[in-house]
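The values are calculated or read from the model by the stated rules, or taken from the named source; none is laboratory data. What you see is a predicted model, and the numbers here were worked out from it, not measured in a lab. A quick note on method: Cβ atoms are made from the backbone with ideal geometry, for glycine too, and the neighbour counts reach across all protein chains shown.
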Amino acid sequence: MLDIKIEKTTNPKAKPEGPLGFGKIFTDHMFIMNYTEGKGWHDARIVPYGNLEFSPASMVFHYGQEMFEGLKAYRGDDGNTYLFRPDMNAKRTNATNDRLCIPHLPEEDFVQAVKAIVKMDEDWVPTEKGTSLYVRPFIIATDDFLGVAPSKTYLFIIILSPSGAYYASGLEPVGIWIEDDYVRAVKGGMGFAKTGGNYAASLAAQVKAHDAGYSQVLWLDGVERKYIEEVGAMNIFFKIDGEIVTPMLNGSILPGITRDSVLQLCRDWGYRVSERKISVDELLEAQKSGKLEEVFGTGTAAVISPVGKLRYKDDVMTIGDGSIGEVSQRLYDTVTGIQTGKLEDKFGWRFII
Ligand SMILES: *Cc1c(COP(=O)(O)O)cnc(C)c1O
């Protein structure tokens, strides 16, 4: 159990009015904990949200030794505040930390810290349908040192940001750009880790896709540029001839918690489900023969993001009739229903604050 010291703000901010958007508004407090080699994690505290001061030599600025997580707190119709599977974020934190030589953070401490900061700023959890309080835990390397080596000191910080409904008026299908030049990650690299470097590597392709009128990039494998990996910040699913298919976790794909939840639900509902290699050629063929029934992305931000159009080189594939698929809609309704306390939580995914 962490002993969390609390320093309350003396200057609470006004709650936002109007559209929240994403990631621009922050609450009154943040959680901070230090790591020092030989001492471990120490000085867990909740303090007023504000700027931090760092030496320009701090290692995180130079070699990117950092990790982050993302989850949401939801206000239920019953007035309770819920988290969705934060134990999985805790586990994934340590998988990321191992890859980046960041010391382990005990899973129960991660969950305790998330609960404590959300509890502290619980009145910032928005109540309108589809809104949530986005929770962003992250760890940065803080040694003042320009040598290339793992840092001996770190900060674990959690900030909170009220965010608007991802879909203002029902699920909306997006257009996706299958990138055939840039790659995001390779086996043996850090594609499975949730770390800023993967996002830095993705920006050039994202700009290219946006310029061409597509909202997201779908990555291919880094070696043959032939097999489907994942979307920018989402995993990807296909319904091909009745079967639900998603790329298997191969080391270069981020193991999404929404992905895992969707797999469990689809299996529970009796669909044929497989995690395997999927080539672009297979998709093109399935689409031409009318067997590519649905495509959707999964991730904390959108939960389910139906894909209406996929572009690969000179081919533009329209998925189904371009509207929302039946499985996409059912998954969205079920996952958000569990998250907000409306539906039975038979898998034990909901944590109450
Ligand atoms: C976070 C993330 C996802 C989605 O993971 P969830 O746990 O479902 O939110 C997918 N891909 C990448 C690259 C990510 O960073």
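Out of contact with any helix residue (DSSP H, G or I) (no Cβ under 8 Å at 6 or more places or on another chain) and among the aliphatic types (A, V, I, L, M): which single residue out of Val307, Val335, Val327 fits that description?
Val307
Scan the stretch 233-260 for residues that are closer than 15 Å to Ser305 by Cα, within 12 Å of the ligand (Cβ to nearest atom) and out of contact with any Lys or Arg (no Cβ under 7 Å at 6 or more places or on another chain) and jot them down.
Answer for the stretch 233-260, where residues must be closer than 15 Å to Ser305 by Cα, within 12 Å of the ligand (Cβ to nearest atom) and out of contact with any Lys or Arg (no Cβ under 7 Å at 6 or more places or on another chain): Ala233, Met234, Ile236, Phe237, Gly256, Thr258, Arg259.
In the list Gly21, Gly38, which residue meets the criterion of being of a type in the set (Gly, Ala, Ser), out of contact with any Lys or Arg (no Cβ under 9 Å at 6 or more places or on another chain) and part of a loop (DSSP other than H, G, I, E, B)?
Gly21
Taking the stretch 106-147 only, how many residues are farther than 30 Å from Glu172 by Cα, surrounded by fewer than 22 Cβ atoms within 10 Å (Cβ to Cβ), within 19 Å of the chain's Cα centre (by Cα) and touching a residue at least 60 places away in the same chain (Cβ under 8 Å)?
3
Within the stretch 307-344, track down each residue that is within 16 Å of the ligand (Cβ to nearest atom) and more than 18 Å from Glu179 (Cα to Cα).
Of everything in the stretch 307-344, those that are within 16 Å of the ligand (Cβ to nearest atom) and more than 18 Å from Glu179 (Cα to Cα) turn out to be Ser328, Leu331, Tyr332, Thr334, Val335, Thr336, Ile338, Gln339.
Can you go through Ala73, Ala95, Ala90 and tell me which one is at pLDDT 95 or above, surrounded by fewer than 16 Cβ atoms within 10 Å (Cβ to Cβ) and of a type in the set (A, V, I, L, M)?
Of the residues listed, the single one that is at pLDDT 95 or above, surrounded by fewer than 16 Cβ atoms within 10 Å (Cβ to Cβ) and of a type in the set (A, V, I, L, M) is Ala95.
Quick one: in the stretch 2-38, which of the residues that are of a type in the set (Phe, Trp, Tyr) and modelled with pLDDT of 95 or more is surrounded by the fewest Cβ atoms within 10 Å (Cβ to Cβ)?
Applying the filter and picking the extreme gives Phe26.
Is one or more of the residues making up the stretch 43-59 touching a Gly at 6+ places or on another chain (Cβ under 9 Å) and away from the ligand (no atom under 16 Å from the Cβ)?
Looking through the stretch 43-59, at least one residue is touching a Gly at 6+ places or on another chain (Cβ under 9 Å) and away from the ligand (no atom under 16 Å from the Cβ).
Return the total of residues in the stretch 263-275 being within 16 Å of the ligand (Cβ to nearest atom) and closer than 26 Å to Gly189 by Cα.
Here the count works out to 2.
Looking only at the stretch 179-211, which residues are buried (at least 18 other Cβ atoms within 10 Å of the Cβ), in contact (Cβ under 8 Å) with a residue 40 or more places away in the chain and farther than 28 Å from Met59 by Cβ?
Selection gives Glu179 alone.
Would you confirm, using the coordinates I've provided, whether Leu263 is crowded, with 18+ Cβ neighbours inside 10 Å, out of contact with any Leu (no Cβ under 6 Å at 6 or more places or on another chain) and over 26 Å from Tyr182 (Cβ atoms)?
Values: crowded, with 18+ Cβ neighbours inside 10 Å: yes; out of contact with any Leu (no Cβ under 6 Å at 6 or more places or on another chain): yes; over 26 Å from Tyr182 (Cβ atoms): yes.
Yes, satisfied.
Output the strands (runs of 3 or more DSSP E) that fall wholly within the stretch 102-211 and possess 3 or more residues being in contact with a strand residue (DSSP E or B) (Cβ under 9 Å, 6 or more places away or on another chain), away from the ligand (no atom under 16 Å from the Cβ) and of a type outside the set (Val, Ile, Thr), or say none. Let's see the steps before the verdict.
Numbers: elements: 132-141, 153-163, 174-178.
Those strands (runs of 3 or more DSSP E) span 153-163.
Scan the stretch 69-78 and tell me whether some residue there is within 19 Å of Ala141 (Cβ to Cβ) and of a type outside the set (A, V, I, L, M, F, W, C).
Yes, the stretch 69-78 contains at least one residue that is within 19 Å of Ala141 (Cβ to Cβ) and of a type outside the set (A, V, I, L, M, F, W, C).
Could you figure out which of (1) over 25 Å from the mean Cα position of the chain (by Cα); (2) under 15 Å from Asp123 (Cβ atoms); (3) part of a strand (DSSP E or B) isn't true of Thr9?
(3)
Of all the residues that make up the stretch 283-303, how many are away from the ligand (no atom under 13 Å from the Cβ), touching a residue at least 24 places away in the same chain (Cβ under 8 Å) and either touching a Ser or Thr at 6+ places or on another chain (Cβ under 7 Å) or among the charged types (D, E, K, R) (or both)?
3
Just for the stretch 212-229: of the residues that are in contact (Cβ under 8 Å) with a residue 60 or more places away in the chain and within 15 Å of the ligand (Cβ to nearest atom), which one is farthest from Ser305 (Cα to Cα)?
Leu220
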